[in-house]
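The values are calculated or read from the model by the stated rules, or taken from the named source; none is laboratory data. Computed from a prediction, not measured in an experiment: that's the story for all the values here. All Cβ positions, glycine included, derive from the backbone under ideal geometry; neighbour counts span all protein chains shown.
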Amino acid sequence: MKIKNLKMIKKKSLVSKFTVYLDRMGISINDCNYFDNGENQWISMPSRQYEKDGEKKYFGLVYIDKEKKEAFDAEAIPMVLKEMARVEHEGEESGAKKDNPGAEFVEADFGF
């Protein structure tokens, strides 16, 4: 697994957006979000916003079973934090350069 194209957002509990690349399967999941509300940290998969009864709601475009999602977050969150530190250290713009779209860290095997 790799974290690529990370962009810092820092808007309320939304901290960053990124792409997860599952290299063993050749699958990229774009528009993932990393959240931290001070008590909990989590990754949300891409979603689409819609309105129902005057309220904004979100429909997930990618679904992972609860057990697999917990394993995914346990592997991916440290990788996201490491990539965020790299991007902040090198400057936010460096994380978006075409020649450096992200960094590969540890192999993650959560059963996919």
Ala76: modelled with pLDDT under 95 and within 15 Å of Lys17 (Cβ to Cβ), yes or no?
no
Report, ordered by the first and then the second residue, all pairs with beta carbons closer than 8 Å, sequence separation of six or more or different chains, a first member in the range 37-48 that is at pLDDT 95 or above, and a second member that is of a type in the set (Val, Ile, Thr) and part of a loop (DSSP other than H, G, I, E, B).
Met45/Val62; Met45/Ile64; Pro46/Val62
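Residues to consider are Ala76, Ala85; find the one that is touching a residue at least 12 places away in the same chain (Cβ under 8 Å), among the small types (Gly, Ala, Ser) and under 14 Å from Ile3 (Cα atoms).
Working: Ala85 fails: touching a residue at least 12 places away in the same chain (Cβ under 8 Å).
When all the criteria are applied, what remains is Ala76.
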For the range 16-27, name all the residues that are touching a strand residue (DSSP E or B) at 6+ places or on another chain (Cβ under 9 Å) and either without any contact (Cβ under 8 Å) to a residue 24 or more places away in the chain or not in a strand (DSSP E or B) (or both).
Lys17, Asp23, Ile27
With the requirement that a residue be outside any loop (DSSP other than H, G, I, E, B), surrounded by 12 or more Cβ atoms within 10 Å (Cβ to Cβ) and out of contact with any strand residue (DSSP E or B) (no Cβ under 6 Å at 6 or more places or on another chain), what does the range 28-69 give you?
Asp31, Gln41, Lys68, Lys69
Is it the case that the range 89-111 has a residue that's surrounded by 14 or more Cβ atoms within 10 Å (Cβ to Cβ), in a loop (DSSP other than H, G, I, E, B), of a type in the set (A, V, I, L, M) and modelled with pLDDT under 95?
yes
Taking interchain pairs and intrachain pairs at least six residues apart, which have beta carbon atoms under 7 angstrom, with the first residue in the range 1-15 and farther than 21 Å from Gly38 by Cα and the second modelled with pLDDT of 95 or more and polar (S, T, N, Q)?
Lys4/Thr19; Asn5/Thr19
